[in-house]
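All remarks here apply to the structure that follows.
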Amino acid sequence: MYIYESHMGGLYAEDELLDYEALYCETCGDSDCLVGYVENREEAWKLFEGEIDINGSGGWDYDYMKDFINSLF
């Protein structure tokens, strides 16, 4: 599963690697970016290790990440 960060905010996943054309937004000129590839829940948590907001540390909201990862697996 390929995980992408949307240029509009948030994360999404695709089964296949997307090319630049699919990631590029013609409206604003920005593009989404590949975060990484994971095969299971454990790899997904590890991919975002250090990027999750714990007690105000900054980063992705923990509940958002939990829901996102649970929706994948």
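The values are calculated or read from the model by the stated rules, or taken from the named source; none is laboratory data. It should be emphasised that the depicted structure is a prediction, and the values quoted were computed from it without experimental measurement. Glycine also receives a Cβ, built like all others from the backbone with ideal geometry; neighbour counts cover every protein chain displayed.
Descriptive notes on the structure:
Residues are listed down the side, and each one gets a yes or a no for (1) under 17 Å from Tyr4 (Cβ atoms); (2) in contact with a strand residue (DSSP E or B) (Cβ under 7 Å, 6 or more places away or on another chain); (3) surrounded by fewer than 13 Cβ atoms within 10 Å (Cβ to Cβ):
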site: Gly36; (1), (2), (3): yes, yes, no
site: Asn40; (1), (2), (3): no, no, yes
site: Ile69; (1), (2), (3): yes, no, no
site: Leu72; (1), (2), (3): yes, yes, no
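- Within the range 1-51, the set of residues being modelled with pLDDT under 95 and under 16 Å from Asp67 (Cα atoms) comprises Gly9, Glu49, Glu51.
- Scanning the range 42-56 for residues that are more than 13 Å from the chain's Cα centre (by Cα) and surrounded by 10 or more Cβ atoms within 10 Å (Cβ to Cβ), we see that the one that is nearest to Ala13 (Cα to Cα) is Glu42.
- No other residue among Met65, Met1 is under 12 Å from the mean Cα position of the chain (by Cα) and touching a residue at least 60 places away in the same chain (Cβ under 8 Å) apart from Met1.
- Selection status of Glu39, touching a residue at least 24 places away in the same chain (Cβ under 8 Å) and assigned to a loop (DSSP other than H, G, I, E, B): yes
- Hits in the range 2-16 - residues which are touching a strand residue (DSSP E or B) at 6+ places or on another chain (Cβ under 9 Å) and surrounded by 10 or more Cβ atoms within 10 Å (Cβ to Cβ): Tyr2, Ile3, Tyr4, Glu5, Ser6, His7, Leu11, Tyr12, Ala13, Glu14
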